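Accompanying notes for the structure given below.
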Amino acid sequence: QVQLVESGGGLVQPGGSLRLSCAASESIFSINTMGWYRQAPGKQRDLVAMIDYRGSTKYADSVKGRFTISRDNTKNTMYLQMNSLKPEDTAVYYCYAYYNSHTYWGQGTQVTVSS
C-alpha cells in the first residue's frame, strides 16, 4: 500500500506562487501515473494535472501555462508548481497515485488565494 503525504499549501495573494509536494512512502519509480486533483467547497473533485512514468503530462485547461507538474523518482516525490494564482484556484488539493490497479490518495492540503 502506498501512502501519500501532501505539503506546501497555504494562503497566498492573487498572482502569487506556491509549490505543493506529495511524498510517497515507497519508490515511485514503478508507479504508472501520479497527479493532482482539487476540490472547492460545494464542488466536485476535478483533475488538475497528471504525469506518467515517462514524464508525459496532462493539464486541466484552467491551469495550462500557470501550473507545472513534475516528479523526482530519486526522492519519491511529486510536485505541483503553481504560478499566477487566482482566487478560483482556492481548493483542497489532493495527490494520487495509480499503482497495481489501485488508486491511492493523500489527505489533502488547503490552498487559499485571497487578498
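Looking only at residues of the range 51-68 that are under 11 Å from Thr33 (Cβ atoms) and in contact with a Ser or Thr (Cβ under 9 Å, 6 or more places away or on another chain), we find that the one that is most open to solvent (accessible area, probe 1.4 Å) is Tyr53. Scanning the range 49-103 for residues that are farther than 20 Å from Gly8 by Cβ and either of a type in the set (S, T, N, Q) or not in a loop (DSSP other than H, G, I, E, B) (or both) yields Asp52, Ser56, Lys58, Asp61, Tyr98, Tyr99, Asn100, Ser101, His102, Thr103. When you go through (1) out of contact with any Cys (no Cβ under 9 Å at 6 or more places or on another chain); (2) open to solvent by less than 60 Å² (accessible area, probe 1.4 Å) one by one for Glu6, which number turns out not to apply? It fails just one condition, (1).
Applying the condition of being in a strand (DSSP E or B) and under 12 Å from Met82 (Cα atoms) to the range 17-29 and asking which residue is most open to solvent (accessible area, probe 1.4 Å) yields Arg19.
When residues in the range 77-115 are screened for being at pLDDT 95 or above, polar (S, T, N, Q) and closer than 15 Å to Phe29 by Cβ, 1 of them pass.
Collect the residues in the range 95-110 that are under 11 Å from the mean Cα position of the chain (by Cα) and either under 18 Å from Thr68 (Cβ atoms) or surrounded by fewer than 12 Cβ atoms within 10 Å (Cβ to Cβ) (or both), keeping them in residue-number order.
Keep residues of the range 95-110 that are under 11 Å from the mean Cα position of the chain (by Cα), which gives 95-97, 105-106, 108-109.
Scanning the range 95-110 gives Cys95, Tyr96, Thr109.
Quick one: is Gly35 buried (at least 19 other Cβ atoms within 10 Å of the Cβ) and under 20 Å from Leu85 (Cβ atoms)? Talk me through it step by step, then tell me what you get.
On the way: buried (at least 19 other Cβ atoms within 10 Å of the Cβ): yes; under 20 Å from Leu85 (Cβ atoms): yes.
So Gly35 passes the test.
Condition check ((1) over 10 Å from the mean Cα position of the chain (by Cα); (2) part of a strand (DSSP E or B); (3) touching a residue at least 24 places away in the same chain (Cβ under 8 Å)) across all residues:
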| residue | (1), (2), (3) |
| --- | --- |
| Gly15 | yes, no, yes |
| Ile31 | yes, no, yes |
| Met34 | no, yes, yes |
| Arg38 | no, yes, yes |
| Gln44 | yes, no, no |
| Leu47 | no, yes, no |
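The values are calculated or read from the model by the stated rules, or taken from the named source; none is laboratory data. The model shown is predicted, which means the values in this text are computed figures rather than measured ones. When we count neighbours, we look across all protein chains shown, and the Cβ atoms used for this are built from the backbone with ideal geometry, even at glycine. Accessible surface areas use protein heavy atoms only, side chains included; no ligands, DNA or RNA. Shrake-Rupley method; radii C 1.70, N 1.55, O 1.52, S 1.80 Å.
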